[in-house]
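Everything below concerns the one structure shown next.
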């Protein structure tokens, strides 16, 4: 269980969060786990419990409800289908849903169309792409990237500002995995970042080969996946609100698509995006896409359920 005072202060909902939950297909087990957190939250004067959520939006969030047979991304949660039945039986309801989109990289004509639109946007709005040769070239932009991330994501479900300590943690955690072929930083005519996109080679199959472990003896699987991969995971995209309609998405897509095609990439998986986040989903309208997984945040308000009632779960 987590009490995010930042969330309560920003959104006005006196909810605790739960995350990192795992249980067998036994309602007594899931009930014991969640009721323990519920009682703890009530004892702290809170009015509800929602999740799975982490400390901030960069942590794993959302319970898988569709696409169980699909290969997931390295930064998402996997759970068995029976989890949904347990949540509903214990009085939890849908509070938000995210979708994950499988994107097929375009044929030459579509790539050329995106390239043309990107060039027009660069000329019309004086946009420029920051040249990045090595990972260390990203360092001068880290603060501005996270400032834009906080600004661009602030209206999304449950989002709270990412702190300096969290930024340090995430940079240490992911910096060694960065491939500058798949990072795009676009500057506006004022010299400030207009938008950025961070993509990583998929680590899912490497994690399967390593059985989820990161010991030195299996780390070679991850290094190989970073160097050569036909699938990318789209991690972070943020654009200054006032520049979203100024062609910045086309500039980023053009740069990243060009690098991907050069490296033999055939598909990309978008990280979970709220099903109502049409601004992000519109970025893929020139590409062939399909929704391949869906996940949900559940909510339980403490004054809306019976303490003693537990619905039976069908296996």
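For the reader, a short list of remarks on this structure follows.
- Criterion (touching a helix residue (DSSP H, G or I) at 6+ places or on another chain (Cβ under 8 Å), in the same structural domain as residue 123 (by TED's automatic domain parsing) and at positive phi) met by exactly one of 247, 197: 247
- Qualifying positions in segment 240-265 - assigned to a loop (DSSP other than H, G, I, E, B) and more than 27 Å from residue 97 (Cα to Cα): 246, 247, 263, 264, 265
- Selection status of residue 132, more than 13 Å from residue 195 (Cα to Cα), assigned by TED's automatic domain parsing to the domain that holds residue 241 and touching a strand residue (DSSP E or B) at 6+ places or on another chain (Cβ under 9 Å): yes
- For segment 180-192, residues that are without any contact (Cβ under 8 Å) to a residue 60 or more places away in the chain and crowded, with 18+ Cβ neighbours inside 10 Å total 2.
- Complete set of residues in segment 193-219 that are assigned to a loop (DSSP other than H, G, I, E, B) and surrounded by 15 or more Cβ atoms within 10 Å (Cβ to Cβ): 202, 203, 210, 218
- Leading residue by the ranking (surrounded by the fewest Cβ atoms within 10 Å (Cβ to Cβ)) among those in segment 1-34 that are under 12 Å from residue 302 (Cβ atoms) and without any contact (Cβ under 8 Å) to a residue 40 or more places away in the chain: 14
- Filtering segment 233-245 for residues that are surrounded by fewer than 18 Cβ atoms within 10 Å (Cβ to Cβ), closer than 23 Å to residue 117 by Cα, without any contact (Cβ under 8 Å) to a residue 60 or more places away in the chain and over 20 Å from the mean Cα position of the chain (by Cα) leaves a non-empty set.
- Candidates 167, 162 - the one that is over 24 Å from residue 250 (Cβ atoms), out of contact with any strand residue (DSSP E or B) (no Cβ under 9 Å at 6 or more places or on another chain) and without any contact (Cβ under 8 Å) to a residue 60 or more places away in the chain: 167
- Residues being at pLDDT 90 or above and either more than 17 Å from residue 197 (Cα to Cα) or loosely packed, with under 15 Cβ neighbours inside 10 Å (or both) - total across segment 268-288: 4
- Odd one out for residue 65, checked against (1) in a loop (DSSP other than H, G, I, E, B); (2) touching a helix residue (DSSP H, G or I) at 6+ places or on another chain (Cβ under 9 Å); (3) closer than 27 Å to residue 204 by Cα: (1)
- Among residues of segment 100-156, those that are more than 25 Å from the chain's Cα centre (by Cα) and assigned to a strand (DSSP E or B), counted: 1
- Residues located in segment 37-58, provided they are in contact (Cβ under 8 Å) with a residue 24 or more places away in the chain and either closer than 21 Å to residue 84 by Cβ or in a helix (DSSP H, G or I) (or both): 37, 38, 40, 41, 42, 48, 49, 50, 51, 52, 53, 54
- Total residues in segment 1-30, condition in a helix (DSSP H, G or I) and touching a helix residue (DSSP H, G or I) at 6+ places or on another chain (Cβ under 8 Å): 2
The values are calculated or read from the model by the stated rules, or taken from the named source; none is laboratory data. Every value quoted in this text rests on a predicted model; they were computed, and no experiment measured them. Methodologically, a virtual Cβ is constructed for each residue, glycine included, from the backbone with ideal geometry; neighbour enumeration extends over all protein chains shown.
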